[in-house]
């Protein structure tokens with residue numbers, strides 16, 4: 001079962017611009033995580049935000065969480081060509097069950 | 001250098017043959033997972049194990065089998081009963097605890113013809 005749904009499916013921007021990706025989910029969560037995947041590689045964990053947090057920063061990444069709307073956004077500021085990748089949100093529900101991943105957003109940053 | 005090793009990176013098999021994908025971790029994680037990734041479908045959970053000698057089915061377990069005899073190893077067998085086995089397979093591990101971040105291997109791309 002896939003809970004998170006990312007939007008847009010694909011995004012193309014110029015280097016230096018900001019990139020925003022959104023994730024919506026259906027049930028209550030314990031935390032929400034964002035991952036990055038370069039083509040043909042495994043996923044890499046970027047950031048985790050707990051259900052009682054509203055915003056979190058890590059370097060050029062900013063994540064927000066709105067539990068009333070069951071949505072999260074990932075903002076990448078001052079994008080670089082090296083940020084080109086697919087980005088996935090994953091939700092952790094209550095109980096010790098595995099993360100559920102969305103289908104991802106493909107980001108292309110053009111130099 | 002801690003991490004997860006999946007081998008081989010590319011695997012080719014004829015239809016009707018079973019094939020086993022290897023996954024080894026040296027992160028001392030209790031939990032391990034197998035996901036399947038198809039274009040446009042994100043990651044789907046096949047099996048997971050939270051402790052040695054125990055594992056649970058995920059959303060798409062049919063046609064797959066696993067074992068967890070050692071903490072470090074969680075091999076996945078794709079059997080001939082799996083109707084569409086061609087895919088990218090990802091292994092991951094995590095510490096126990098609700099929603100712990102996953103550490104992924106670099107995947108095995110299986111092609112069955």
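Compared with the direct C-alpha span, the chain from residue A:108 to residue A:56 gains 16.4 nm at full extension, assuming 0.36 nm per residue. Whole-percent P(r), the protein assembly as shown, all Cα pairs, 5 Å bins from 0: 1, 7, 15, 18, 19, 16, 12, 7, 3, 1, 0.
Across chain B, C-alpha contacts under 8 Å between residues 6 or more apart give a mean separation that, scaled by the residue count, equals a relative contact order of 35 percent.
Size descriptors for the stretch B:1-48, from the alpha-carbon set: Rg then Dmax equal 13.1, 38 Å.
Taking each residue as 0.36 nm, the span from residue A:12 to residue A:41 lengthens on full extension beyond its C-alpha to C-alpha distance by 8.4 nm.
Over chain A, Cα pairs under 8 Å with separation of 6+ residues give a relative contact order of 39 percent.
Report, as a whole number in µm² per second, the diffusion coefficient that Stokes-Einstein gives for chain B at 20 °C and 1.002 mPa s using the Kirkwood radius over alpha carbon pairs.
Working: Rh = 14.0 Å.
Rounded, D is 153 µm²/s.
Along its first, second and third principal axes, ordered by size, chain A spans 43, 28, 20 Å in Cα coordinates.
Just want the ordering: B:49, B:80, from fewest to most Cβ atoms lying within 10 Å of their own Cβ.
Details: B:49 20, B:80 15.
Taking fewest neighbouring Cβ atoms as first place, the list is B:80, B:49.
Over the Cα atoms of the stretch A:1-64, the radius of gyration divided by the Kirkwood radius equals 0.96; this is the Rg/Rh ratio.
For an R0 of 25 angstrom, estimate the FRET efficiency from the Cβ-Cβ distance between residue A:27 and residue B:79 and round to the nearest 0.05.
Working: r = 32 Å, r/R0 = 1.29.
Using R0 = 25 Å, I get an efficiency of 0.20.
Every read-out reported here was derived from the displayed coordinates using simple, explicitly stated rules and does not represent laboratory data. Predicted model only: the values in this text are computed from it and were never measured. Here the Cβ is made from the backbone with ideal geometry for all residues, glycine too, and neighbour counts use every protein chain on show.
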